[in-house]
1. Using Cβ counts within 10 Å as a stand-in for footprinting exposure, how do Glu33, Glu76 rank, fewest first?
2. For the residues His101, His54, His93, what sequence is obtained by ranking on other C-beta atoms within 10 Å, fewest first?
3. From largest to smallest, what semi-axes in whole angstrom does the chain give when each is the square root of 5 times an eigenvalue of its alpha carbon gyration tensor?
4. If you take every DSSP beta bridge fully contained in the chain, what fraction is antiparallel? Give it as a percent rounded to 5.
5. With the chain treated as a Gaussian network of Cα nodes joined by springs under 10 Å, which of Ser83, Ser37, Ser146 yields the largest mean-square fluctuation?
6. Of Leu90, Leu20, Leu55, which is the most mobile in a GNM of the chain whose springs link Cα atoms less than 10 angstrom apart?
7. Can you put Arg147, Arg94 in order of Cβ neighbours within 10 angstrom, beginning with the fewest?
Amino acid sequence: MREKTTAERGKFKKEIQTALYKNDDILELILGEEAKSMKPKELRDAFKEHVKSHLFIDDTLTETATYIFYDVEFTELHTNIKSCRVYMYLICHRDILEDYHKEGYYGDRVDILTQMVEDTLIDDPDVVRTFGIGPLNLDSVKPYNSRRFYGAILIFSVPNFR
């Protein structure tokens, strides 16, 4: 029996979540200094409140916080090859946009988070290998703007051979 093509979508989402969770800088930016003193279950639960494997509805976000929402689209499905695109919304409440700084990173909270996500998904060779054969490519970074939140939309393409 052949493996379901659609199962790959869930696998990609799981790999993204795992990679982001392993990055201590991302945990600190999203959850604050308290992340360092949380018990493992508390940390996982708090992380899952701010990092979701689906896109969002702006009106549902009420907390003054930072979030990552992402989803996966298959752009080509063939017998021996498939390609996908990953959409990531990195968003932050406007009230805390300018209150985060970290050595080696530039810009506001969203800019810094964008750099951290890029480092995690593109520059870590162990992470890159989990997504398929060939490089994970950052194709574009677009601004996201709403009444209470500001952010960036990152679009990655992923060539993946079966």
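1. Details: Glu33 7, Glu76 11.
Fewest-to-most Cβ neighbours within 10 Å comes out as Glu33, Glu76.
2. On the way: His101 11, His54 8, His93 18.
Exposure proxy ranking, most exposed first: His54, His101, His93.
3. Numbers: eigenvalues 154, 57, 48 Å².
Result for the chain: semi-axes of 28, 17, 15 Å.
4. On the way: 32 of 34 bridges.
In the chain, DSSP labels about 95 percent of beta bridges as antiparallel.
5. The residue with the greatest mean-square fluctuation here is Ser37.
6. Leu55
7. Details: Arg147 8, Arg94 14.
In increasing order of surrounding Cβ atoms, one gets Arg147, Arg94.
Read-outs: derived from the displayed coordinates by stated rules, not from any lab. Computed from a prediction, not measured in an experiment: that's the story for all the values here. Here Cβ is always computed from backbone atoms with ideal geometry, including for glycine, and neighbour counts include all displayed protein chains.
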